[in-house]
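**Q** Mind having a look at this structure? Questions to follow.
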Amino acid sequence: MTGQGQSGSGSSVWSTIFRHVRYENLVAGVSGGVLSNLALHPLDLVKIRFAVSDGLELRPKYKGIVHCLTTIWKLDGLRGLYQGVTPNVWGAGLSWGLYFFFYNAIKSYKTEGRADRLEATEYLVSAAEAGIYSWAVWNITWCPSIYGI
């Protein structure tokens, strides 16, 4: 009398709703976002240094990308090249994870029961939908005060 039939039908409803979801895509997106951010963060730091170096004497002058990287390395070492990496890694990992998660779920939903492949416009629309969904989840989850939530 525990309602085994109900739990079985409840689980089938959830499995029907989430049958297109593959968590491997979420893991792949998170991994790709984190690794690419770790690999390219020093160049992002150089970009920021050049952006704020507006000719004031107080700020260091760099002759180019390599000079900027070597100067940071000499002054602060590896730690200097990765200043501010933590929020970037969180942001890139979560946003790319959500994007891949939604994109592959949408494509799977659209190809269900079809013998032919998706057309180019359907891939484009799927990518746009995934971008909108990941943007919405990211912004509403991490910036609720902006949206009055």
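The values are calculated or read from the model by the stated rules, or taken from the named source; none is laboratory data. A quick note: this is a predicted structure, and the numbers were derived from the prediction, not measured. Positions of Cβ are generated from backbone atoms using ideal geometry, with glycine treated the same way; all protein chains shown enter the neighbour counts.
**Q** From the list LEU58, LEU45, exactly one residue is at pLDDT below 95 and under 26 Å from SER134 (Cα atoms). Which is it? Even if it seems obvious, please write down each step before you answer.
**A** Details: LEU58 fails: under 26 Å from SER134 (Cα atoms).
From the options LEU58, LEU45, the qualifying one is LEU45.
**Q** Report every pair of residues separated by at least 6 positions or lying on different chains whose Cβ atoms are under 8 Å apart, first residue within the range 123-149 and farther than 11 Å from PHE102 by Cα and modelled with pLDDT under 90, second surrounded by 12 or more Cβ atoms within 10 Å (Cβ to Cβ) and aliphatic (A, V, I, L, M).
**A** These pairs meet every condition: TRP138/LEU94; TRP138/LEU98; TYR147/ILE140; ILE149/ILE140.
**Q** Can you tell which of ALA39, ALA28, ALA51 is of a type in the set (Gly, Ala, Ser), modelled with pLDDT of 95 or more and within 31 Å of the chain's Cα centre (by Cα)?
**A** Being of a type in the set (Gly, Ala, Ser), modelled with pLDDT of 95 or more and within 31 Å of the chain's Cα centre (by Cα) holds for just one of ALA39, ALA28, ALA51, which is ALA39.
**Q** What pairs come up if the first residue lies in the range 70-93 and is in contact (Cβ under 8 Å) with a residue 12 or more places away in the chain and more than 12 Å from LEU38 (Cβ to Cβ), the second is crowded, with 16+ Cβ neighbours inside 10 Å and among the aliphatic types (A, V, I, L, M), and their beta carbons are under 9 Å apart, counting only those six or more places apart or on different chains?
**A** From residues that are in contact (Cβ under 8 Å) with a residue 12 or more places away in the chain and more than 12 Å from LEU38 (Cβ to Cβ), the pairs are ILE72/LEU45; ILE72/VAL46; ILE72/LEU81; GLN83/LEU45; GLN83/ILE72; GLY84/LEU45.
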